[in-house]
Amino acid sequence: MAYPKLADRKRSAFAEDVRLGLTRTPQKELPSKYLYDDLGSALFDAITVLPEYGVTRAEERVLTTHANELARLVPETTLVAELGSGSGRKTRRILEALSARRRITYCPIEISPAALAHCEQALGDLARVDVAGYQYEYLDGLKRVVEERRRDGERLLVMFLGSTIGNFRRLAAAHFLRDIRHLMRPGDALILGADLLKPEPVLVGAYDDAAGVTAAFNLNLLGRLNRELGANFDLRQFAHEARFDPVAGAIEMHLRSKRDQAVRIEAAGCTINFAEGETIWTEASHKYTLEDVAYMGDVAGFSWTAQWTDAEWPFADTLFAA
Ligand code: AVI
């Protein structure tokens, strides 16, 4: 039998993750990376401009204000890899500052083809910046960038912005940063965006906005299961929920079943029973103190270089040296 095509293998890995997650007890869960199909990525873009969600605007202010200082602290950088292609706006300021004196190559790494194309288009006009997108998961993409692009002695800046690190559980975040560190060399740098702890009502509002965009983003995950795995979720029978877990220091998104129901997921070969009120946990967004961020970098093998914060919406971008 011929080896299955990549698209088929991806679909079966997706189906297997879904089967494992939805048969987990006592808490059903789905990996948050599956929130980002093309529609999910577009809904996330909409989230970034919601009045309740201050994360993206805070980071834009931080990076816009400090782009030149950042560029002065990484003077030799000519290769930039961004994990997640990000919004063109905040990345643009950094690329402009870095390319003021020399030509640079910018490699956005992104799993969603639409988000990657959007980023390539948004930043493709910068005069001394060559853009080369990588449609991969983060670590696979970074590995490729390093293997294919890095010339001898070239300095690499890795950007991991938007507090996407917060979507990893704390231990997994430390391991992930350590894996990034292993792909880097001394003299390279990492800029890490992290959303800081703030009062619970502010956090809950940011993840349960009045216009219902975050609810649509969360429910779209079930829509994706219907479209791609032949599931028969009735999206109207599930409700979006955001709750803060003070022990984990994380805001969690769940989908709550409005009634007892059974859902068939054809490609996963299973039927899942939901009791009324039962939830599927779909995402955790960890929130940090400044010390947490420094500690995370430290245990991953980085040295803290500089940190900038936003006064309006507590958020930090931290520059680490490899
Ligand atoms: C991508 N990530 C950092 C967002 C966050 O804040 O955790 C995803 C998100 N989920 C709901 N709103 C935004």
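Values in this text are rule-based calculations from the coordinates and carry no lab data. Since the model is a prediction, treat every value here as computed from it, not as a measurement. Note that each Cβ is placed from the backbone with ideal geometry, even for glycine, and that neighbours are counted across all protein chains shown.
Check the range 17-28 and report whether any residue there is in contact with a Ser or Thr (Cβ under 7 Å, 6 or more places away or on another chain) and either of a type in the set (Gly, Ala, Ser) or farther than 22 Å from residue 222 by Cβ (or both).
no
Please state which of the following conditions residue 240 fails to meet, knowing it meets all the rest: (1) within 14 Å of the ligand (Cβ to nearest atom); (2) within 19 Å of the chain's Cα centre (by Cα).
The number of the failed condition is (2).
Can you confirm whether the range 60-73 contains a residue that is over 21 Å from residue 125 (Cα atoms), out of contact with any helix residue (DSSP H, G or I) (no Cβ under 6 Å at 6 or more places or on another chain), of a type in the set (Ser, Thr, Tyr) and within 11 Å of the ligand (Cβ to nearest atom)?
No.
Out of all the residues in the range 74-89, is one or more buried (at least 19 other Cβ atoms within 10 Å of the Cβ) and farther than 25 Å from residue 137 by Cα?
Within the range 74-89, one or more residues are buried (at least 19 other Cβ atoms within 10 Å of the Cβ) and farther than 25 Å from residue 137 by Cα.
Looking only at the range 202-251, count how many residues are closer than 22 Å to residue 16 by Cβ and small (Gly, Ala, Ser).
Count: 3.
Quick check on the range 206-215. Is at least one of its residues more than 25 Å from residue 272 (Cβ to Cβ), within 11 Å of the ligand (Cβ to nearest atom), buried (at least 22 other Cβ atoms within 10 Å of the Cβ) and of a type outside the set (Gly, Ala, Ser)?
Looking through the range 206-215, none of the residues is more than 25 Å from residue 272 (Cβ to Cβ), within 11 Å of the ligand (Cβ to nearest atom), buried (at least 22 other Cβ atoms within 10 Å of the Cβ) and of a type outside the set (Gly, Ala, Ser).
For the list (1) in contact with a Gly (Cβ under 6 Å, 6 or more places away or on another chain); (2) free of Cβ contacts under 8 Å to residues at least 12 places away in the same chain, I need the number of the one condition that residue 20 fails.
Tallying (1) in contact with a Gly (Cβ under 6 Å, 6 or more places away or on another chain); (2) free of Cβ contacts under 8 Å to residues at least 12 places away in the same chain, residue 20 fails exactly one: (1).
Is it the case that some residue within the range 28-35 is in contact with a Gly (Cβ under 7 Å, 6 or more places away or on another chain) and on the phi > 0 side of the Ramachandran plot?
no
Let's see how each residue does on (1) more than 22 Å from the chain's Cα centre (by Cα); (2) touching a residue at least 40 places away in the same chain (Cβ under 8 Å); (3) under 29 Å from residue 156 (Cβ atoms):
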site: 225; (1), (2), (3): no, yes, no
site: 245; (1), (2), (3): no, no, no
site: 271; (1), (2), (3): yes, no, no
site: 275; (1), (2), (3): yes, no, no
site: 283; (1), (2), (3): no, yes, no
site: 294; (1), (2), (3): no, no, yes
site: 311; (1), (2), (3): yes, no, no
site: 315; (1), (2), (3): no, yes, yes
site: 320; (1), (2), (3): no, yes, yes
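Take the conditions in contact with a strand residue (DSSP E or B) (Cβ under 9 Å, 6 or more places away or on another chain), buried (at least 21 other Cβ atoms within 10 Å of the Cβ), assigned to a helix (DSSP H, G or I) and among the charged types (D, E, K, R) and apply them to residue 59. Does it pass?
yes
Do any helices (runs of 4 or more DSSP H) lying entirely in the range 83-176 carry at least 2 residues that are away from the ligand (no atom under 15 Å from the Cβ) and closer than 17 Å to residue 193 by Cβ, and which ones are they?
Because the criterion is at least 2 residues that are away from the ligand (no atom under 15 Å from the Cβ) and closer than 17 Å to residue 193 by Cβ, the helices (runs of 4 or more DSSP H) in the range 83-176 that meet it are 88-98.
Could you look through the range 252-271, keep only residues that are surrounded by fewer than 20 Cβ atoms within 10 Å (Cβ to Cβ) and hydrophobic (A, V, I, L, M, F, W, C), and pick out the one that is nearest to residue 14 (Cα to Cα)?
Checking each candidate, the answer is 267.
List the helices (runs of 4 or more DSSP H) that sit entirely inside the range 199-313 and contain at least 1 residues that are under 30 Å from residue 73 (Cβ atoms) and of a type in the set (Asp, Glu).
290-299
Does residue 249 satisfy being among the small types (Gly, Ala, Ser), in contact (Cβ under 8 Å) with a residue 24 or more places away in the chain, at positive phi and within 16 Å of the ligand (Cβ to nearest atom)?
So residue 249 fits the description; yes.
If I ask for residues that are β-branched (Val, Ile, Thr) and within 16 Å of the ligand (Cβ to nearest atom), which ones from the range 263-291 would you list?
Scanning the range 263-291 gives 279, 280, 282.
Take the range 185-205 and flag every residue that is surrounded by 19 or more Cβ atoms within 10 Å (Cβ to Cβ) and of a type in the set (Asp, Glu).
Within the range 185-205, 188, 195 meet the criteria.
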